[in-house]
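Contents: one structure, followed by commentary.
The values are calculated or read from the model by the stated rules, or taken from the named source; none is laboratory data. Predicted model, so just to flag it, every value in this text is computed and none were measured. A quick note on method: Cβ atoms are made from the backbone with ideal geometry, for glycine too, and the neighbour counts reach across all protein chains shown.
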């Protein structure tokens, strides 16, 4: 059996990691808490912008540090609402079709994202995906520490995790498919036999054209 | 006496101007070479709308269309896609004319549940502006996209299995058509392999049905795609079409067009070079110079975006087979030129367009299908070239593909052909994998790409030619590896190609050159055996 590995942000949904994070920050126990959290996030914004360009892993770590002090209960209880309000309306029209075709062809469909696991679980359930590779927040005494558990899912690490997943499930990587919108996912796309660019950014579009990778537009 | 469209060159003959992709090339061909030109265009019908109304009211082997209608019935109209004609015809396209008459008739009979499906089968989806060109503004604005849309062979819910023929061919068609009270097919017939049962049974089917005949075994048994009586493909499609017509209420409307492919300023491209006036010769020089200087996209635009002034030569309606017999007769009337004797060497330019690259680039796999598939098969009777003979083609064979339309072709050419050119092996090892490729399927369904199995079909399409020909030599290729991948040799000039071909041809080989486009067909017959003057025949 082959597997299809899907990046999420920009590939299956129009939103990115920031949108659900902001939703969480705006939904703290009190408006004062929300204001404080948002303020801290805004102060970190220049560093995050720099990290986004330099190192995806660092960006993820900076972004998710905003969750420091949020209780595990709150994370989980807000997840469904965050998914319904932020992610679900922003799923590309063709995304469900593409996942369904992959399932129909007998593929193991795996979501590979730097987003948090409890949100990706909901997305996977909604799309019918069979597995997720996502980031996990470190929880101590039922509260998030703001740190991510290793390995952090981002950039080249995605490629290693995909390889590891395929090996553990007995998939031949040459027969597997990979989908992403971002040039930062080229390592992940390069380890599968059938890479495809989905709604690609400019750099990935150039690369996909050069290497004759299929280019899909799920927004249409 | 030979037909005026079959010209034998002598020492005073001018060079022939042949297409090499979207450029024109002058070639000096040896004295004695026979050059096959297209017939002059048949006269077009003066009142096409009247002909349409007459045809649907006086159909062959069927009651008139109006008699089949009743208020509230469910009607599906299917039309041919962008692969016909080549290039697109000037507006109004004949499909628009037929649709206008038919839709008015349906409205008059209170038939409101009408949908128009573009019968793409596994071809690419037509874009909205392409559909508008074919059906006209009025129909487009009224029906697109809810009631006028492209067929989707990969939407399982959209397909309905209707049965299996006695030869085991599964027939699965568009559900809307299957569930309709009446299916009206509006065809545009360019060449004799179009139309007939192919319209519904292929145009509205999917891979499950296509694989019954689009496979190397059936293709090897086709002795001319253009002659249904000697084509295993046509025979298979006929069986499936007959089953279709048993289950569905089909009313066929077929139209034929003449071969007026070039409009007035370029009409001379279809003519014998020795008959050109001084002005035409100068125009040809200017055109060649201009094409040589223009970038490729501009050349493509000149030839593909400018619609042709095809004239409608016939409209036939009624029961599929009865209609198609008339269509074939008219098509042959336009195309067939009698040719006595097969050639040892067949020469042809490969033009810029095929049914599968409208508004895109003719990629290497399509060059192959043009050479070994379509042009090799432009005959009725026996092949134009002897078994084991040589075909010389002119084309740059540029390693270029349209990523949007031909995505699966790229993998086929660059990953599979280096492994094997054996059609049977490609069919066995790779076809099913491509057919199940979700990325390509999504590009077919939501984008404008050909179905992932289409490059296989294109390779099989060249199978009969490959089995028959001894060698194929390309003149003017801009690289050597693409011809090599396709199993072809290369030559820098026509002289060099002819020298190469003569090494495996008999002394004083017969050479036949095709001067196409426009389209023509050779009605080839074997040479009469020469009378023997030996004692047995003289006295025996």
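For region B:30-49, state whether one or more residues are under 30 Å from residue B:151 (Cα atoms) and outside any loop (DSSP other than H, G, I, E, B). Within region B:30-49 (the criterion being under 30 Å from residue B:151 (Cα atoms) and outside any loop (DSSP other than H, G, I, E, B)), the answer is yes, since at least one residue qualifies.
Among the residues of this structure, residue A:112 does not count as one that is assigned to a helix (DSSP H, G or I) and either away from chain B (no Cβ under 14 Å) or surrounded by 21 or more Cβ atoms within 10 Å (Cβ to Cβ) (or both).
Exactly one residue out of B:419, B:442, B:425 is within 14 Å of chain A (Cβ to nearest Cβ), without any contact (Cβ under 8 Å) to a residue 24 or more places away in the chain and part of a helix (DSSP H, G or I): that is B:442.
For every residue, the table says whether it meets (1) free of Cβ contacts under 8 Å to residues at least 60 places away in the same chain; (2) more than 28 Å from residue B:313 (Cβ to Cβ); (3) out of contact with any strand residue (DSSP E or B) (no Cβ under 8 Å at 6 or more places or on another chain).
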| position | (1), (2), (3) |
| --- | --- |
| B:2 | no, no, no |
| B:6 | no, no, no |
| B:10 | yes, yes, yes |
| B:16 | no, no, no |
| B:22 | no, no, yes |
| B:25 | no, yes, no |
| B:36 | no, no, no |
| B:42 | no, no, no |
| B:45 | no, no, no |
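For region B:194-214, the tally of residues that are within 22 Å of residue B:98 (Cα to Cα) and touching a helix residue (DSSP H, G or I) at 6+ places or on another chain (Cβ under 7 Å) stands at 8. Tell me whether region B:377-399 contains one or more residues that are within 13 Å of chain A (Cβ to nearest Cβ), surrounded by fewer than 22 Cβ atoms within 10 Å (Cβ to Cβ), over 18 Å from residue B:451 (Cα atoms) and in contact (Cβ under 8 Å) with a residue 60 or more places away in the chain. Looking through region B:377-399, at least one residue is within 13 Å of chain A (Cβ to nearest Cβ), surrounded by fewer than 22 Cβ atoms within 10 Å (Cβ to Cβ), over 18 Å from residue B:451 (Cα atoms) and in contact (Cβ under 8 Å) with a residue 60 or more places away in the chain. Determine whether region B:410-422 contains at least one residue that is crowded, with 22+ Cβ neighbours inside 10 Å and within 21 Å of residue B:383 (Cα to Cα). No, region B:410-422 contains no residue that is crowded, with 22+ Cβ neighbours inside 10 Å and within 21 Å of residue B:383 (Cα to Cα). Between A:103, A:123, the distinction of being within 26 Å of residue B:436 (Cβ to Cβ) and within 14 Å of chain B (Cβ to nearest Cβ) belongs to A:103 only. Just one of the listed residues (A:170, A:131) is at pLDDT 95 or above, surrounded by fewer than 18 Cβ atoms within 10 Å (Cβ to Cβ), more than 14 Å from every other protein chain (Cβ to nearest Cβ) and within 27 Å of residue A:82 (Cα to Cα), and it is A:131. Candidates are the residues of region A:73-100 that are buried (at least 17 other Cβ atoms within 10 Å of the Cβ) and part of a loop (DSSP other than H, G, I, E, B); the one that is nearest to the other protein chains (Cβ to nearest Cβ) is A:94. Just one of the numbered conditions (1) in a helix (DSSP H, G or I); (2) in contact with a strand residue (DSSP E or B) (Cβ under 7 Å, 6 or more places away or on another chain) is not true of residue B:386: (1). Screening B:449, B:371 for residues that are buried (at least 22 other Cβ atoms within 10 Å of the Cβ) and within 14 Å of chain A (Cβ to nearest Cβ) leaves exactly one candidate, B:449. The residues of region A:192-218 that are surrounded by 15 or more Cβ atoms within 10 Å (Cβ to Cβ), facing chain B (nearest Cβ under 9 Å) and in a helix (DSSP H, G or I) amount to a single one, A:208.
For region B:400-413, enumerate the residues that are within 10 Å of another protein chain (Cβ to nearest Cβ) and in a helix (DSSP H, G or I). Listed by number, the residues that qualify are B:407, B:408, B:409, B:410, B:411, B:413. Going through (1) touching a strand residue (DSSP E or B) at 6+ places or on another chain (Cβ under 6 Å); (2) within 11 Å of chain B (Cβ to nearest Cβ); (3) within 18 Å of residue A:8 (Cβ to Cβ) one by one, residue A:181 falls short only on (2).
Considering A:191, A:153, which residue is at pLDDT below 95 and more than 20 Å from residue A:95 (Cα to Cα)? None of the others qualify; the one that does is A:153.
Count of region B:275-309 residues, restricted to those that are under 20 Å from residue B:129 (Cβ atoms) and part of a loop (DSSP other than H, G, I, E, B), is 2.
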